[in-house]
Structures are given as structure tokens and as C-alpha cells.
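The values are calculated or read from the model by the stated rules, or taken from the named source; none is laboratory data. Keep in mind the model is a prediction, meaning the values are calculated, not measured. Note: ideal-geometry Cβ built from the backbone for every residue, glycine included; neighbour counts use all protein chains shown. Each accessible area value is taken on the protein alone, full model and side chains, heavy atoms only, with ligands, DNA and RNA left out. Shrake-Rupley method; radii C 1.70, N 1.55, O 1.52, S 1.80 Å.
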Amino acid sequence: MSASPNHPIGKSVPRKEGRKKVTGQALYVDDISFAEMIYGVTVRSSVPRGRITNISFAGDTPWDEFTIVTAKDIRDIGGENYVALILNDQPYLADEVVNHAEEAIVLLAHPNKYLLEEARRNVRIEYEELPAILTLEDSVDKKEIIWGEDNVFKTFLVDKGNVDEAWTNADLIVEGEYFTGAQEQLYIENNGVIAIANEHDGVTVWGSMQCPYYVHKALIKLFALPEDKVRVIQTETGGGFGGKEEYPSIIAGHAALLSLKCGKPVKIIYDRAEDMVATTKRHPSRTRHKTAVTKDGKLVAMDIEFVIDGGAYCTLSPVVLSRGTIHAAGPYFSPNVRIRSSAVATNIPPHGAFRGFGAPQGIFALERHLDKVAKAVGLTPDEFRRRNFIQQGETTATSQIIREKVDMAGLLDRAFELTGYHEKRQRFAKENEQSRVKKGIGFATFMHGAGFTGSGEVYLASVVGAEATSEGRVKILAASTEIGQGTNTIFAQIASEALGVDSDLIEVAQPDTANVPNSGPTVASRTCMVVGKLVESAVLALKQTLVGSGLLREDYSQSEFQEACRTHIEKFGPLKTFSTYQAPPNIHWNDEKYQGDAYGAYAWAVYVAEVSVDSLTYEAQVEDFVALQEVGRVINPVLATGQIEGGVAQGIGFTLFENVVWQNGRMANNQMTNYIMPTPADIPPIRVYFEENPYAYGPGGAKGIGELPMDGPAPAILNAIENATGVSFDHVPLMPEAIMENLTNVLHGITL
Amino acid sequence: MGKQKAHIQFVLNGETAEVAFAPHKTLLEVLREDLGLMGTKHGCELGECGTCTVLVNGRSILSCLMLGLDAEGQDVKSIEGMANGSQLHPLQETFADTGAAQCGYCSPGFLLVAEELLKKNPNPNRETIKEALSGNLCRCTGYIKIYEAVELAAARMRGEEMELPRASVYGLE
């Protein structure tokens with residue numbers, strides 16, 4: 001260890017790019033311009049499914065001034081007209097057929113934004129409409145086959161023990177069905193990209209994005225270019241939440257196609273309405289549970305059927321389904337578990353990544369269902385869970401042995417203490433008899449795996465670099481993006497801790513595929529735990545090189561370290577070290593059987609919500625929220641708390657406010673005035689608590705936290721609403737209309 | 001589309017400014033496209049999110065809903081005018097250091113609304129802060145850290161010591 005007593009891990013080191021952001025100096029993509037730059041727009045389909053019969057360019061638009069791109073242009077340049085991701089079924093531009101409303105068909109570019117908008121309206125596209133599938137139910141029922149042979153993108157089967165034989169050993173079998181709706185990510189900065197493309201230099205794009213190498217991979221195929229002729233640069237990004245995981249590949253391709261054709265830089269920035277109507281949302285879901293228990297409340301078997309609506313193309317649905325499937329059985333031990341899951345096609349815009357990535361849907365269903373099972377077996381929700389919490393050494397649904405210390409019962413005790421749960425449960429029951437406003441308290445207990453599922457991290461084989469600079473600083477080279485969650489800051493803290501130098505001495509390179517290695521996508525709660533660990537090992541390798549070359553003693557001061565960097569560069573040239581992902585020992589995963597160590601580590605959590613439901617206005621409100629979690633080591637308390645608070649707020653939106661209204665396969669309420677995300681007035685106190693149980697293979701002991709807070713709010717709030725009203729709701733978002741419909745009967749004794 | 005440009009004079013971030021622009025442009029577009037001030041952001045262009053907030057004569061307004069023409073003779077302050085040279089406004093310091101800015105895209109709008117609030121009410125309680133900020137949307141923070149940053153800056157501006165929120169001091173020796 002170095003002589004410098006510098007241990008920033010666990011401290012609230014200020015956000016690295018914070019000053020730029022509060023002075024207006026941070027440059028987001030729309031803040032950047034190039035000489036000669038012109039603008040691009042997208043002309044989209046107005047029908048959910050059909051054959052394109054004619055495209056005409058009408059009106060008094062001076063069409064000869066416009067750059068126009070259609071699918072034919074992709075053929076002409078010898079490119080592949082698909083967005084390279086998993087199944088490559090989604091075209092960049094619809095060719096002959098459209099499979100969802102708002103699918104891109106024609107691209108236009110012009111120097112004048114206002115003329116461009118008029119021109120967009122003057123493109124006439126005629127269709128021969130085809131029958132469309134607009135709901136998950138219709139897709140499952142195969143009312144029409146719209147994708148492949150059976151409308152199914154992907155299925156999984158998790159099978160532990162023998163569920164079919166277990167029913168006979170049960171004292172009680174409880175069934176339930178649960179639904180979750182679509183949810184818009186609603187980052188405040190809309191999607192946008194600038195592209196410069198020409199035959200000589202290839203394609204360069206700047207944009208708001210989470211995953212520069214996803215865009216890189218997609219553009220290589222679209223333009224049939226070698227890797228070094230495509231360059232992707234992430235600009236300051238105003239939030240992502242999954243919404244900028246896969247979609248930027250499409251906008252980048254569109255902008256680059258226009259740029260290649262017109263020979264000028266092209267900027268495409270979506271406005272709010274376009275971003276909401278055309279880009280991805282959280283997958284709607286349906287979960288069916290059939291649960292066998294003994295009369296003393298021990299789980300005997302869990303049979304779970306989990307279906308998500310993937311929209312018109314496969315995109316990331318198989319991966320979302322995977323995470324949702326694995327999380328569907330929660331932090332409980334059951335000897336027999338069967339999870340059958342599928343992602344199905346509908347003719348609506350493809351659903352995609354959104355914080356939690358399938359897990360919030362399955363966890364909502366499970367945590368609602370377990371309250372139902374507890375009631376049926378005559379136990380309180382907490383006592384029932386206590387009898388079934390997974391213990392160290394027991395196995396999850398995928399037969400993963402939990403090797404780490406886990407104490408869900410202890411977390412539950414502490415969460416109840418923090419909220420006065422038992423006292424409130426009793427008091428509310430009494431007070432509610434007399435009062436118009438019914439109060440309730442409920443909770444959810446859950447776990448969330450960090451990093452890619454199963455063998456995912458091994459396949460990714462992420463790389464991080466560390467580069468010494470001639471000023472004696474260290475630059476971290478990674479494609480992991482700062483999107484508000486604190487990547488820059490925690491990478492600097494991790495490197496600083498490992499090297500024993502000030503975190504100010506650590507720079508984090510702008511993600512640019514020409515300069516940084518592929519450290520994998522910025523998703524799946526993996527940036528801190530997985531990529532952070534690579535940052536640690538890359539800088540340690542750099543230190544080792546300096547020590548090995550005799551320029552640095554093992555025990556050094558900061559100035560000696562800086563001097564050694566300078567001397568090394570003078571003597572031997574640039575100094576860069578790289579670290580490649582290696583799986584921790586004892587991680588085994590069987591992709592065919594879907595069995596084994598699904599995740600290297602889990603965060604464990606108990607969330608408690610207190611609600612009030614007005615029996616006159618049918619308004620439900622969250623009054624207090626406690627989020628308690630064990631996340632390994634907390635690297636930066638302010639950033640970590642901010643992640644939890646923000647995730648809980650999104651979770652409250654998912655539960656009570658954010659209702660996507662579909663009309664003929666199209667989002668009808670694509671504005672912030674009629675799609676309501678929580679405002680300052682809607683958010684209760686959110687009290688965040690951490691327990692720390694350092695994870696041996698995370699940097700400084702850290703695990704992942706980004707997605708975790710999205711899992712708990714929906715079931716905790718609906719469990720609390722049941723406690724308040726006596727009515728069990730099985731779907732989110734839960735709007736006042738649904739509360740009214742169900743509550744009038746119960747509270748006023750009206751039978752319809 | 002008329003080619004005639006409008007021409008106005010006004011006070012921008014404490015200095016006299018003159019600018020010519022297409023007369024249909026909003027103040028937001030004039031600031032960004034004709035004056036090159038990129039700190040004021042587009043969020044929704046419909047007055048729904050508060051992201052484009054600037055101060056006009058000390059009052060917060062949505063620059064996406066105000067015509068550039070209407071700025072004639074007014075005193076306009078954007079995020080670029082909030083710091084005093086290299087000296088950050090206390091709100092900018094607390095926003096940067098205590099987690100109120102995450103992705104940072106909504107921060108300019110929140111900062112200016114908070115500045116307006118503290119000028120009117122140097123000692124607002126949590127409810128007053130919530131109400132003042134309720135026209136601005138943030139998707140990252142859940143707002144809690146924004147309230148804390150406003151409270152901390154207000155205390156500092158009053159010359160008072162204030163204990164940092166629990167999370168902010170967590171882990172410090």
C-alpha cells in the first residue's frame with residue numbers, strides 16, 4: 001500500500017462533472033454544432049401493420065432542396081437494413097411492410113428546421129392495411145400470426161425439483177394473476193445524435209447514449225464498414241434509465257445515412273412528443289402464480305408463468321425476459337419451482353430496456369401474490385415471508401447456492417423499526433373505521449442481481465484501460481457512460497483508493513470508440529461492480545508496471561507516483577495498461593437448462609410504503625417511504641442515496657401515475673401534461689438506509705444498485721393500499737378510476 | 001416564411017445585448033441559436049417540464065413559451081449569468097456537491113427557480129420549497145437532494161451553519 005493516506009471509498013466525494021453541470025457549461029448533443037450542419041427528421045408510419053403501396057412527395061415543398069433517404073439507399077450502399085442487436089429483425093427503415101405505428105420509413109434533411117417540419121407533413125405514404133395484434137393477450141392467443149411462426153421471440157424454462165408432483169404434498173394452493181403496464185423512461189434530455197459520414201473517412205457520430213459500442217456494432221453492419229471506419233462518441237447525457245441503451249443505434253444510423261447522402265453533418269434531435277411516441281418503453285407484463293404451501297406456511301411449490309409484450313421486433317426482449325424470469329421467484333426458498341416465460345410480439349413500437357429490465361414486473365406479481373398466500377394460510381405478510389426467506393447455503397429458483405451471508409429477516413426487523421410498522425398497522429385499522437381517508441402500510445422484500453445474467457459477462461469480456469499522462473495523472477479508458485448516475489466519480493474514487501493518490505488526479509476519458517476499449521454497455525447494475533473492478537485492476541497493473549520498471553518503490557508518495565509516470569513516459573513512451581473481465585471462481589451457469597449461478601452477487605432489500613387513500617376522491621398517495629438495502633460496500637453515499645431516491649420516485653410513478661394510453665397501437669398521451677411523471681408535489685419523504693456486507697469480487701466490496709430501487713415500490717404501495725382499503729389490486733399503474741370501481745362496492749356497500 | 005429579421009435590445013446576464021432573429025422564435029431559441037448560450041435547455045417545448053426556465057426581471061418564466069420579441073427592454077438572466085465570475089452562486093455549489101445535479105439536464109431550470117425563491121424568502125421550509133419547484137421536472141433525483149441543496153444554500157446565504165443531510169456526511173471521519 002502507498003504512503004499516501006488516501007481512502008475515498010465510502011466518502012461522498014463531489015460529482016466530478018458537477019461544476020460543469022450547474023454552470024450550463026456541460027455540452028449535451030443539442031448544444032453542439034458543426035460548420036455546414038443541417039437537420040434531419042423522420043417520417044413514420046401511421047398504421048400499426050400494413051404494406052406500403054406508395055410514397056409520394058406532395059405539397060409546395062421545394063423537394064429538390066431536400067435530402068431524402070429510404071430503404072433503397074441502404075441497398076444502394078451495400079449495407080444491411082437491420083439494427084444489429086440480437087435477432088437483427090428490426091429494419092432501419094421499413095421496406096415494403098410496416099409492423100408498428102411510428103415505424104421509420106423516410107428520412108429528410110434540410111438546413112431549415114421549419115421547412116423540414118412542413119416537408120415531413122407533405123410526405124404521403126399509402127398503405128394496404130394488414131390485421132394487427134395490439135395486446136399481449138391477443139398475441140398469446142395467436143389471433144393473428146405477426147412474427148415468426150408463433151408470435152414468440154423467446155421462451156425460458158426454469159425447473160427446480162418437481163412441481164407437478166409437489167401439489168399433492170400441499171395443504172393449500174393459491175392462484176393469482178397480475179399485470180403491469182408500459183412505462184416511458186422520460187429522461188429530461190430527449191434522444192439526439194449528430195453524424196458526419198463520407199466515403200473516405202467512414203462514419204462518426206456524437207450522441208446521447210448509454211452504450212457507444214452497441215451503436216458501433218450497428219453502424220458497422222448498416223454501412224458495411226470495417227470497425228476502424230466507424231467512430232462513436234458519447235456526449236454529456238441527460239438521463240437514460242435504459243431508454244438510451246438500444247434506441248440510439250437507430251437515430252445514429254438515420255443521421256449517418258442522411259449525412260452520407262448530402263455530404264454534410266446532420267443533426268437529429270427528437271422533440272418530446274416524438275421521443276415518447278416512437279422510442280422504447282418498459283415491457284407490459286402478465287404473471288400467473290400457482291403456489292403450494294403447507295398449513296404452517298412453508299412454500300412447497302411455486303409455478304410461475306411470466307409473459308412480456310416485446311412489441312413489433314425482438315430488440316432486447318430475450319434479455320429483459322431472462323432477468324425477469326430469474327427474479328420472478330424472489331428471495332425465498334422453495335424446493336420446487338417452475339418458471340415458464342415468454343416474450344411475445346405485438347404491432348406496437350418495440351419495448352426495451354428500462355431500469356430493472358423485467359425484474360420489477362415479476363417482483364410486483366410475486367410480492368402482491370405472497371400477501372395473498374399469507375392471508376390464505378392465516379399468517380401476517382411478514383410472518384409468512386420470515387418462514388420462507390432464503391438462507392445462506394440454500395438454493396434459488398435456478399438452483400444457485402447462496403454463498404454470501406444473507407439476512408432478510410434482519411433487514412425486515414430493521415425496516416419495521418424504522419417505520420413503526422406494527423404500531424401503524426394496529427393504529428390505522430382503528431382510525432380507518434372513523435375516517436374518510438384510509439391509511440395503510442405495506443412492504444416488499446426482494447433481491448436484485450448485479451451484472452449480466454449467467455454467462456453474459458464472460459461473453460462480453462469487458463476491457464478497461466488505465467493510461468498515465470505526462471502530467472503524472474491517470475486517465476481511465478472505458479466505454480461506460482456517465483448518464484447522471486455517477487460513473488465518472490466512482491471510477492475516480494476506485495482508482496484513487498487503489499493507487500493511494502488523490503481522486504482529483506484521476507481523469508475519466510470521454511467514451512469514444514476510437515480511444516477507449518469496450519467495457520461493455522452501461523446497463524444491468526454492472527458499471528460499479530463489474531467495470532469498477534476492472535478499473536481497480538487496470539490501475540493496479542499500471543502501478544505494477546511502474547514498480548517493475550524500477551521507477552517506483554512499493555511504498556510511495558503521491559509526488560513520487562506522479563514523477564514515476566512522467567519518467568516512464570519520457571523513457572519508454574506512452575504507458576497504458578488494460579484489464580479484461582474474468583469471472584469470479586465458482587460461477588457456473590448452464591444456458592440450456594437455465595440453472596446455476598445467475599448472478600455473481602445480489603443486493604437484498606426491504607421497502608416499506610405508507611399510503612393514504614381518499615374514499616371520496618379515490619386518490620391514493622404515498623405518505624412515507626423507507627428503502628433499506630444491503631448493497632455490499634457503498635462507494636459514495638450521496639450518489640448511492642441519489643440512485644435509490646430517484647429509482648423509488650420512478651417506482652412511485654410506475655405504480656400510481658404513469659399510464660400509457662394506447663390507441664390503435666400508438667401512445668395517445670405522448671406529452672408530459674397527459675402522461676404524468678411525479679412532480680415535486682407527488683413525492684413523499686424517501687428515507688434511504690444501507691447495510692454493508694462487502695462483496696469479495698466488487699471494487700472495495702461494492703455490488704450493483706442502479707436498478708434495485710425500481711423493484712420495490714409497486715408491490716409495497718399496493719400491499720399498503722390493500723391494508724388501507726381491504727381491496728387487493730392486481731395491476732399497475734393503479735389509477736383512481738380503478739380504485740373507484742373497486743372501492744365503491746366495499747366502502748359504500750354498493751353492489752353493481 | 002418571412003425573411004425579415006426582428007431586432008431587439010435587452011439586458012442579458014447583467015449586460016446590454018442586441019440580437020437579430022427570425023421573429024417567430026421563442027426566447028429559448030434566440031438564447032441558444034442566435035446568442036450561443038447553450039445552458040438553457042429544450043425539454044418539451046410546451047411549457048410542461050420547466051427545463052428551459054430563465055429569470056425575466058427576476059421572475060422565473062418558461063423561455064419556450066415566451067417570444068424572443070417580448071424580451072425587448074427586459075432584464076433576462078440565464079444559467080450562464082448565475083455565477084459571479086468564477087465564484088459560484090451558493091445554490092450552484094450545493095447542487096454540485098450534495099447530489100442535486102445528477103444528469104444535470106434539468107439543473108439550470110431548478111437553479112434559477114430556486115434563486116428566485118431564496119430572493120423572496122431567505123428561509124423557506126420544505127413545503128414552500130416543494131411548491132416553488134413544483135413546475136420543474138427531474139427524472140433522476142426524486143427531488144429529495146434538490147430540496148436539501150436549496151435548504152443548505154439558504155442557510156449559507158443567511159450566514160448560518162447547517163448540518164449537512166445525513167447521507168452527505170455518511171462515511172466521513
Please verify whether the range A:100-115 includes one or more residues that are of a type in the set (Phe, Trp, Tyr) and away from chain B (no Cβ under 14 Å).
no
Filter result (open to solvent by 10 Å² or more (accessible area, probe 1.4 Å) and modelled with pLDDT of 95 or more) within the range A:598-611
A:Glu610
State all residues of the range A:113-139 that are open to solvent by 50 Å² or more (accessible area, probe 1.4 Å) and not hydroxyl-bearing (Ser, Thr, Tyr); if no residue qualifies, say none.
A:Lys113, A:Glu117, A:Glu118, A:Arg120, A:Arg121, A:Arg124, A:Glu126, A:Glu128, A:Glu129, A:Pro131, A:Leu134, A:Glu137
Name the single residue, out of those in the range A:159-186 being hydrophobic (A, V, I, L, M, F, W, C) and out of contact with any helix residue (DSSP H, G or I) (no Cβ under 8 Å at 6 or more places or on another chain), that is surrounded by the fewest Cβ atoms within 10 Å (Cβ to Cβ).
A:Trp167
Look through the range A:442-482, keep the residues that are over 28 Å from the mean Cα position of the chain (by Cα) and open to solvent by less than 10 Å² (accessible area, probe 1.4 Å), and return whichever of them is farthest from A:Gly240 (Cα to Cα).
A:Gly472
When residues of the range B:130-166 are filtered for being under 22 Å from A:Gly238 (Cα atoms), assigned to a helix (DSSP H, G or I) and within 9 Å of chain A (Cβ to nearest Cβ), how many remain?
5
Of all residues making up the range B:22-59, the number that are buried (at least 18 other Cβ atoms within 10 Å of the Cβ), in contact (Cβ under 8 Å) with a residue 60 or more places away in the chain and away from chain A (no Cβ under 14 Å)
0
Here are some residues: A:Ala292, A:Ala273, A:Ala255. Which one is under 30 Å from the mean Cα position of the chain (by Cα), open to solvent by less than 10 Å² (accessible area, probe 1.4 Å) and among the hydrophobic types (A, V, I, L, M, F, W, C)?
A:Ala255
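Quick grid of which residues meet (1) within 14 Å of chain B (Cβ to nearest Cβ); (2) under 23 Å from A:Ala71 (Cβ atoms); (3) in contact (Cβ under 8 Å) with a residue 24 or more places away in the chain:
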| residue | (1), (2), (3) |
| --- | --- |
| A:Gln183 | yes, no, yes |
| A:Leu186 | yes, no, yes |
| A:Val193 | no, yes, yes |
| A:Asp201 | no, no, yes |
| A:Met209 | yes, no, yes |
| A:Tyr214 | no, yes, yes |
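For (1) more than 13 Å from chain B (Cβ to nearest Cβ); (2) in a loop (DSSP other than H, G, I, E, B); (3) of a type outside the set (Lys, Arg); (4) within 30 Å of A:Ser496 (Cα to Cα), each residue gets a yes or a no:
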position	(1), (2), (3), (4)
A:Pro678	no, yes, yes, no
A:Ala681	no, no, yes, no
A:Asn719	yes, no, yes, no
A:Glu722	yes, no, yes, no
Single match in A:Lys543, A:Lys533 (criterion: open to solvent by 10 Å² or more (accessible area, probe 1.4 Å), among the basic types (Lys, Arg) and under 25 Å from A:Tyr599 (Cα atoms)):
A:Lys533
If you go through the range A:201-214 one residue at a time, do you hit one that is part of a loop (DSSP other than H, G, I, E, B) and open to solvent by 10 Å² or more (accessible area, probe 1.4 Å)?
yes
Take the conditions of a type in the set (Asp, Glu) and in contact (Cβ under 8 Å) with a residue 60 or more places away in the chain and apply them to A:Glu741. Does it pass?
no
Is there a residue in the range A:699-715 that is over 22 Å from A:Gly356 (Cα atoms), part of a loop (DSSP other than H, G, I, E, B) and over 19 Å from the mean Cα position of the chain (by Cα)?
no
Using the structure shown, decide if A:Thr395 is more than 30 Å from A:Ile145 (Cα to Cα), open to solvent by 10 Å² or more (accessible area, probe 1.4 Å) and touching a helix residue (DSSP H, G or I) at 6+ places or on another chain (Cβ under 8 Å).
no
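For (1) more than 12 Å from every other protein chain (Cβ to nearest Cβ); (2) closer than 30 Å to A:Arg121 by Cα; (3) in a loop (DSSP other than H, G, I, E, B), each residue gets a yes or a no:
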position: A:Lys11; (1), (2), (3): no, no, yes
position: A:Lys16; (1), (2), (3): no, no, yes
position: A:Lys20; (1), (2), (3): no, no, no
position: A:Ser33; (1), (2), (3): no, yes, yes
position: A:Val41; (1), (2), (3): yes, yes, no
Tell me, which residue of the range A:575-597 that is modelled with pLDDT of 95 or more and small (Gly, Ala, Ser) is surrounded by the most Cβ atoms within 10 Å (Cβ to Cβ)?
A:Ser579
Which members of the range B:79-105 meet the condition of being more than 7 Å from every other protein chain (Cβ to nearest Cβ), surrounded by fewer than 22 Cβ atoms within 10 Å (Cβ to Cβ) and outside any loop (DSSP other than H, G, I, E, B)?
B:Gly81, B:Asn84, B:Gln87, B:Pro90, B:Glu93
So A:Pro284, is it closer than 26 Å to A:Gly356 by Cα, touching a residue at least 12 places away in the same chain (Cβ under 8 Å), open to solvent by 10 Å² or more (accessible area, probe 1.4 Å) and not basic (Lys, Arg):
yes
Residue ranges of helices (runs of 4 or more DSSP H) in the range A:66-142 with at least 1 members under 26 Å from the mean Cα position of the chain (by Cα)
A:136-140
When A:Leu656 is run through (1) open to solvent by 10 Å² or more (accessible area, probe 1.4 Å); (2) facing chain B (nearest Cβ under 8 Å); (3) not acidic (Asp, Glu), the failure sits at (2)
Pairs needed: first member in the range A:387-403, assigned by TED's automatic domain parsing to the domain that holds A:Val293 and at pLDDT 95 or above; second member anywhere, in a loop (DSSP other than H, G, I, E, B) and basic (Lys, Arg); C-beta distance under 8 Å; at least 6 residues apart or different chains.
A:Arg387/A:Lys298; A:Asn388/A:Lys298; A:Gln392/A:Arg403; A:Gln392/A:Lys405; A:Gly393/A:Arg403
Count - residues of the range A:483-506 that are open to solvent by 10 Å² or more (accessible area, probe 1.4 Å) and part of a helix (DSSP H, G or I)
7
Give the number of residues within the range A:427-461 that are over 26 Å from A:Thr617 (Cβ atoms) and assigned to a helix (DSSP H, G or I).
5
Checking A:Thr673 against (1) assigned to a loop (DSSP other than H, G, I, E, B); (2) under 30 Å from A:Gln493 (Cα atoms), which single condition isn't satisfied?
(2)
B:Gly109 facing chain A (nearest Cβ under 10 Å) and either in a loop (DSSP other than H, G, I, E, B) or not aliphatic (A, V, I, L, M) (or both):
yes
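Let's see how each residue does on (1) under 18 Å from A:Ala353 (Cβ atoms); (2) touching a helix residue (DSSP H, G or I) at 6+ places or on another chain (Cβ under 6 Å):
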position: A:Thr280; (1), (2): yes, no
position: A:Arg288; (1), (2): no, no
position: A:Asp296; (1), (2): no, no
position: A:Asp303; (1), (2): no, yes
position: A:Arg323; (1), (2): yes, yes
position: A:Tyr332; (1), (2): no, no
position: A:Arg338; (1), (2): no, yes
